[in-house]
Structure formats: structure tokens, C-alpha cells
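Below: one structure, written as C-alpha cells.
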Amino acid sequence: MSYPDLIEEADGRFYITETQKTVARVHEIPAELLRGLFGQFTNGFIHTNRLLLALPAKDVAMTAEHPLPRLPDFLRRQRHEPNGTEDLRAGFSVEVAVEAGPSHPSGCSLTR
């Protein structure tokens, strides 16, 4: 992708542009995605849909270690695709919420 650009229209809609040699594309960014992006630090919402892991489990103390759950496959070997792989368009994100307790006399709240 070459020369990407972000465009904001007067009506509040946003677009991303891209070009590739002989092709140019314009993609509208969904308003719901932008509301979530711009409001993520003030809305107090914690995502619970499609979680692979939530720690600590309800009514269970937090442990120092926990095994990682199986992540989605990102690529699949494919003989007929370029580079021998097929992109499965999968990914994952990590969301961390820290609730601070009383601070240690040293001034540090988190230790490890």
C-alpha cells in the first residue's frame, strides 16, 4: 500500500485511502469503530464477548502464572497461493485493566 491518507468529512465520517500501482481505493471507517476508538479511555466498558481468557476467574484469587489458551491459526500452508500460504485474516488483542490498591512504602504499587 502506498500513499495512505486519512480523510475527515464535514459530516464527521472518516475514510482511509490507498493506492497500488494502477489501483486506488477508498474505505469508509465504520462510525461504531470510531466511537469505540475515540471513547475507549472514558467509557469504562470492559469487553466480554469472544474472550479466550479472563483472569482472575469469578470468585478465584489471581495466580502468578496461567497457561496461554490456544490462539487462532493465522496462516495455512497452501500450494497454490503466493508464497505457499493462505492468510486466514485472524488475529488477537490483549486488553489489560489494572486496579491499583494501596501503594507500597517505596511508592511502587506493582511488583514482580
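Under the Karplus relation 6.51 cos²θ - 1.76 cosθ + 1.60, θ = phi - 60°, what is the ordered set of whole-Hz ³J(HN,Hα) values for the range 37-46, x standing for Gly and Pro?
In residue order, the calculated couplings are 5, 6, x, 4, 8, 10, 7, x, 7, 10 Hz.
Classify the range 2-87: rounded, prolate or oblate, from the alpha-carbon gyration tensor (a ≥ b ≥ c, eigenvalue square roots; a/c under 1.5 rounded; otherwise prolate if a/b is larger than b/c)?
Because a/c hits 1.5 or more and a/b fails to exceed b/c, the range 2-87 counts as oblate.
Need one number: nm distance between label points at V96 and F45, each 7 Å from Cα along Cα→Cβ, rounded to one decimal.
Here the answer is 2.3 nm between the modelled labels.
Coordinate-derived values only; no laboratory data. Note that the coordinates shown come from a computational prediction; the quantities given were computed from them, not determined experimentally. When we count neighbours, we look across all protein chains shown, and the Cβ atoms used for this are built from the backbone with ideal geometry, even at glycine.
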